[in-house]
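J.: Quick one: structure below, then a few questions.
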Amino acid sequence: MITMLTVLLYLGLIVEHRTAVQAGTLPKPIIWAEPGSVIAMYKPVIIWCQGSWEAQEYLLHKERSIDPWDIGFPLETRNKAKFNIEFMTETYADIYKCSYKSTAGFSDHSDAMELVMTGAYENPSLSVWPSPDVTSGVPIAFNCSSSLGFGRFILIQEGKPNLSWILNSQYQANQTFYATFVLDAVTPNHNGTFRCYGYFRNEPQVWSKSSNPLDLMVSDPVDQSSTHIEDEAPASHHRDHTVENLIRMVLAALVLVTLMMLLLEAWNFKKLEQDATRT
């Protein structure tokens, strides 16, 4: 009896070990949101989780929740599942991860995805110094301000999620909270539309409405010396052409005067011959 229990326990340990090894080899799932991870209040959003063809079910996890927040089943393709959020509210604004279950066990969690809701508070104001039209290489400063006591401001460039900046807010005597985003040397890569948002530190995924859009236009600097030479070249050429024409006119006048003098001399000589003949 003891021998049989030992054998069963040994077999159980082997199965558990195989399951753990197989679970370790499961590919890590990928998580993303559609149409994006920054969603306006009351707008729909879909969270996708893509894992393995062997997945039997997908689990969606919130950062501050121990148990899975939702469970989804594979679609026809079987390697992914979707989680629908019909109306975006503060409840759904959080950090998410996903995993999946297969016959080999559970996969590791995906990388974290931050799902943000905008529109919870009044919009801040956005301005730029010295101008929205600048040349490449110059420094500029975006100023995002609000009368609400936001703990942080975030500046983003539309269509370029990797270009975003976050700063703690500062306070001015006129009861304005603000943050100044300094870009030391802008390039044409910064061309585009910028917006800023404000949020409170205890709710980092709940943002204000968008600020006014600000279009930045960065142009390449113009070589002033080459432009000056190019501008002067036509004038110099024009002066040379005028002098050349004047010389030609003087030479033509001299030839004409010479011809007239020769004709006059020939006429006088002929007249002298005629007078000598008469005599």
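J.: Under a 5 Å amide H to amide H cut-off, with H placed in plane at 1.01 Å, what residues pair with residue 136 once short-range neighbours are removed?
T.: For residue 136, whose amide H was placed from the backbone, the distant partners under 5 Å are 219, 220.
J.: Quote the accessible area belonging to residue 34 in square angstrom, nearest 10, computed with a 1.4 Å probe and with ligands, DNA and RNA left uncounted.
T.: The accessible area of residue 34 comes to roughly 90 Å².
J.: What spacing in nm lies between the two simple spin-label points modelled at residue 136 and residue 176, each 7 Å away from Cα in the Cβ direction?
T.: Going by the 7 Å Cα→Cβ label model, 3.3 nm.
J.: Probe of 1.4 angstrom, ligands and nucleic acids ignored: what's the accessible area per residue over the range 100-164, in square angstrom? Please list the in-between numbers first.
T.: On the way: 3020 Å² over 65 residues.
With all protein chains present, the range 100-164 gives 46 Å² per residue.
J.: Can I ask one more? Can you give me the relative contact order of the range 50-191 as a percent, contacts being Cα pairs under 8 Å and 6 or more apart? Don't skip to the end; give the middle numbers.
T.: Details: 245 pairs, mean separation 24.4, N = 142.
Taking the mean separation of contacting Cα pairs over the length of the range 50-191, I get 17 percent.
J.: Taking θ = phi - 60°, what integer Hz values does the Karplus form 6.51 cos²θ - 1.76 cosθ + 1.60 yield along the range 47-57, in sequence order, with x for Gly and Pro?
T.: Each residue's phi maps through the Karplus curve to give 9, 9, 10, 10, x, 10, 5, 8, 5, 9, 7 Hz.
J.: Report the FRET efficiency, 1/(1 + (r/R0)^6), for residue 25 and residue 160, where r is their Cβ-Cβ distance and R0 is 25 Å, rounded to 0.05. Intermediate results must be reported in sequence, preceding the final value.
T.: Details: r = 36 Å, r/R0 = 1.45.
The value I calculate is 0.10.
J.: If I stretch the segment between residue 78 and residue 148 completely, what's the gain in nm (0.36 nm per residue apart, minus their alpha carbon distance), one decimal? Present the calculation step by step, with values, prior to reporting the outcome.
T.: Values: separation 70, 0.36 × 70 = 25.20 nm, distance 4.72 nm.
In short, 20.5 nm is gained.
J.: Length gain on complete extension for the stretch residue 46 to residue 86, per 0.36 nm per residue less the alpha carbon to alpha carbon distance? Don't skip to the answer; put the middle values down first.
T.: On the way: separation 40, 0.36 × 40 = 14.40 nm, distance 0.83 nm.
Taking residue 46 through residue 86 to full extension adds about 13.6 nm, to one decimal.
J.: Another question about this same structure. When the accessible area of the range 56-213 is split by element with a 1.4 Å probe, what percent falls to carbon and sulfur?
T.: Working: 4050 of 8230 Å².
Within the range 56-213, the accessible surface is 49 percent carbon and sulfur.
J.: If you don't mind, there's one more thing I want to ask. Pop a pseudo-label 7 angstrom from the Cα along the beta-carbon direction at both residue 122 and residue 260 and give the gap in nm to one decimal.
T.: Between residue 122 and residue 260, the label points sit 9.1 nm apart.
The values are calculated or read from the model by the stated rules, or taken from the named source; none is laboratory data. These numbers were taken from a predicted model, which means no experiment stands behind them. As a convention, Cβ positions derive from the backbone with ideal geometry for all residues, glycine included, and neighbour counts pool all protein chains shown. Side chains included, ligands, DNA and RNA excluded: accessible areas come from the protein's heavy atoms. Shrake-Rupley method; radii C 1.70, N 1.55, O 1.52, S 1.80 Å.
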